[in-house]
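Enquirer: Got a structure for you, written out below as structure tokens; questions coming shortly.
Since every read-out is calculated from the coordinates, none of them should be taken as a lab result. Source: prediction; values computed, not measured. Cβ atoms come from the backbone with ideal geometry, glycine included; neighbour counts cover every protein chain shown.
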Amino acid sequence: MRSYGQYCSIARALDVVGDRWTLLIVRELLLRGPCRFTDLRNGLPGIAPNLLSTRLKELEAAGLITREDAPPPVATVLYELSETGRAVEPVLKALGLWGMRFMAEERPDDTFQARWLAYASEWFTVDADPDAPPAVIQLVAAGEAAVVELRGGQVHTRLGRAADPDIVLDGPPRAVLGLLGGLVDLDRAVELGLSVTGRVDLLRRLRPVAPN
């Protein structure tokens, strides 16, 4: 692990998590919980196996992750965030919220996964009407599905499809995430390919977190 060689807490933090792919590995472990090596590879399209191995060893040496053998009959190693690793979560949330301003354009070679849709909905939106009855919003972006549940003033998400959602938003990631993140309004999202079915009024209830 390379070092900036500076007696500064920001530099020291970047010594640990500043290399390419490192924070995305932490993201996957936050979203998935204990993971096999193959799970992490699937969640990190484009990473070379040898580089993933190197980054995992570095994170383990820095005390951010632990590894242990899965219980029988599964013969594999599971990687999990340590307490120090889990402490990175608010940093990732703040970084992700700051990064939303760069999401206006979707590059042709960008990959997309349902977990990224789910965490963005839970981390970067709020229920603006906490006293309203529970509601279910189905999100589908590039074929990846996630469910948003509004109840008790909280936003909860899970992967998959709801049996009877109140509203369905289906379209390219740029349109779905752009609408949820406040980057585009509903009319523009529809122009970008978003299909909306159901209670459109719920979009006024699910509001983006104000960026810092």
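Enquirer: Rounding to the nearest 20 debye, state how big the charge dipole of the chain is about its Cα centre with +1 on each Lys and Arg Cβ and -1 on each Asp and Glu Cβ. Walk me through the intermediate numbers first.
Expert: Working: 24 positive and 28 negative charges, 90 e Å.
In total the dipole reaches around 420 debye.
Enquirer: Might you report the magnitude of the Cβ-based charge dipole of the stretch 1-61 about its Cα centre, with Lys and Arg at +1 and Asp and Glu at -1, to the nearest 20 debye? Kindly include the intermediate steps, with their values, before the conclusion.
Expert: Details: 9 positive and 6 negative charges, 18 e Å.
Dipole size: approximately 80 debye.
Enquirer: Still on this model: For the stretch 7-38, which chymotrypsin sites (Phe, Trp or Tyr not before Pro) are in a loop by DSSP, counting at most 14 other Cβ atoms within 10 Å? Please list the in-between numbers first.
Expert: Values: sites: Y7, W21, F37; in loops: Y7, W21.
Taking the stretch 7-38 and a limit of 14 other Cβ atoms within 10 Å, the loop chymotrypsin sites (Phe, Trp or Tyr not before Pro) found are Y7.
Enquirer: Residue separation times 0.36 nm, minus the C-alpha to C-alpha distance between A61 and E80: what's the value? Don't skip to the end; give the middle numbers.
Expert: Numbers: separation 19, 0.36 × 19 = 6.84 nm, distance 1.33 nm.
In short, 5.5 nm is gained.
Enquirer: Residues in the stretch 53-85 near a label at L159, defined as backbone nitrogen under 12 Å from the 7 Å Cα→Cβ point?
Expert: Counting backbone N atoms under 12 Å from the label point, the list is empty.
Enquirer: Give, rounded to the nearest 20 debye, the magnitude of the charge dipole that the stretch 119-212 has about its Cα centre when Lys and Arg contribute +1 at Cβ and Asp and Glu contribute -1 at Cβ.
Expert: 140 debye
Enquirer: Right, something else. Work from the charge dipole of the stretch 9-87 (Cβ charges, +1 for Lys and Arg, -1 for Asp and Glu, about the Cα centre) and give the residue of G18, T84, G63 farthest towards its positive end.
Expert: The residue sitting farthest along the positive end of the dipole is G18.
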